[in-house]
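Comments concern the structure below.
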């Protein structure tokens, strides 16, 4: 793993986290890796669709709609974004 890869992974994590915090209207430090978006942060499916749509628009990543139900926390969401952006590594 190179320094460039680490920086890119950290940047991706920070950008996804920022979007989630803004869209779910969370306080800084409130979002955790394993916190459940619906159960712990009282969001709903529409909020999650908005989060994913914004990620797709801002990061240029297409996440299949069939996966949305599985993206229940930050860890899983970041992993999905990383997986689906792997084909767009030239960006």
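The values are calculated or read from the model by the stated rules, or taken from the named source; none is laboratory data. No experiment lies behind these values; they were computed from the predicted model shown. Positions of Cβ are generated from backbone atoms using ideal geometry, with glycine treated the same way; all protein chains shown enter the neighbour counts.
When 22, 9 are checked against the criterion of being modelled with pLDDT of 95 or more and either on the phi < 0 side of the Ramachandran plot or in contact with a helix residue (DSSP H, G or I) (Cβ under 7 Å, 6 or more places away or on another chain) (or both), 22 stands alone in meeting it. Considering only residues that are in contact with a helix residue (DSSP H, G or I) (Cβ under 9 Å, 6 or more places away or on another chain) and not in a loop (DSSP other than H, G, I, E, B), which ones fall in the stretch 43-55? Scanning the stretch 43-55 gives 45, 47, 48, 49, 50, 51, 52, 54, 55.
When restricted to residues that are touching a helix residue (DSSP H, G or I) at 6+ places or on another chain (Cβ under 9 Å), at pLDDT 95 or above and more than 26 Å from residue 86 (Cβ to Cβ), the stretch 28-42 contains 3. Mind checking which residues of the stretch 65-91 are part of a loop (DSSP other than H, G, I, E, B), modelled with pLDDT of 95 or more and in contact with a helix residue (DSSP H, G or I) (Cβ under 8 Å, 6 or more places away or on another chain)? Across the stretch 65-91, the qualifying residue is only 71. The number of residues in the stretch 72-90 being touching a residue at least 24 places away in the same chain (Cβ under 8 Å) and within 19 Å of residue 9 (Cα to Cα) comes to 9.
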